[in-house]
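The values are calculated or read from the model by the stated rules, or taken from the named source; none is laboratory data. Note that the coordinates shown come from a computational prediction; the quantities given were computed from them, not determined experimentally. As a convention, Cβ positions derive from the backbone with ideal geometry for all residues, glycine included, and neighbour counts pool all protein chains shown. SASA here: full protein model, heavy atoms, side chains in, ligands and nucleic acids out. Shrake-Rupley method; radii C 1.70, N 1.55, O 1.52, S 1.80 Å.
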Amino acid sequence: LRLAWAVLPGHLVDAVISAKTPAEWTTGALDQLTLADFLESGAYDRHVRAMRQRYRRRRDRLVQALDRRAPGVRATGIAAGLHAVLELPGGVRESALVAEAAHRGLAVDGLRAFRHPEAAAEREGEREALVVGYGTPPEHGFGAALDALCGALSQGAD
């Protein structure tokens, strides 16, 4: 949240203070007071619960769409957060799918970009995968984003 506060164990305080940049030395009091009110009133907890449910429903819709329209693609990982890793069928290149998704107006990443360069070299032959964020599209555009993703997956598998 960049509100410039943290609760730290005593032995970490000096290290964290020395790591701060000049831009982090000031934070607006109004921002801090707003967050304090948000926490104190319980609105923050309600917001987090609502967002968890919303994103869980989105992930479920993503998995269902993949089952129907891209059965060779499997969403992996835990059903939490804002991203899913989509394992691609053998022979399908993540770079081709990233390009096809971009052509359709979607921003997805290949999993290779998240791997350490040395580890990636050791793991040649691993299945290709995409990292797909499902938190960004507005609610009214989420279905169209799913359609575009499934279209890119089917086009890229050809």
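Only helices at least 20 Å long along their own axis, judged from Cα atoms, and with Kyte-Doolittle mean hydropathy of -1.0 or greater: name those in the chain from DSSP H.
142-156
Let me see the P(r) profile for the stretch 26-158: every Cα-Cα distance counted, bins of 5 Å, each bin given as a percent of all pairs.
2, 10, 17, 19, 15, 11, 9, 8, 6, 4, 1, 0
Applying a 10 Å radius around every beta-carbon, put 136-143, 80-87, 15-22 in order of their mean neighbour count, most first.
Final packing ranking: 80-87, 136-143, 15-22.
Working with all protein chains in place, sort TYR55, TYR44 by solvent-accessible area computed with a 1.4 Å probe, largest first.
Solvent-accessible surface, decreasing: TYR44, TYR55.
Given a cut-off of under 8 Å on Cα pairs at least six residues apart, what relative contact order in percent is computed for the chain?
22
With bins 10 Å wide starting at 0, give me the P(r) of the stretch 69-147 over every alpha carbon pair, in whole percents.
Result, from short to long distances: 17, 50, 28, 5, 0 percent.
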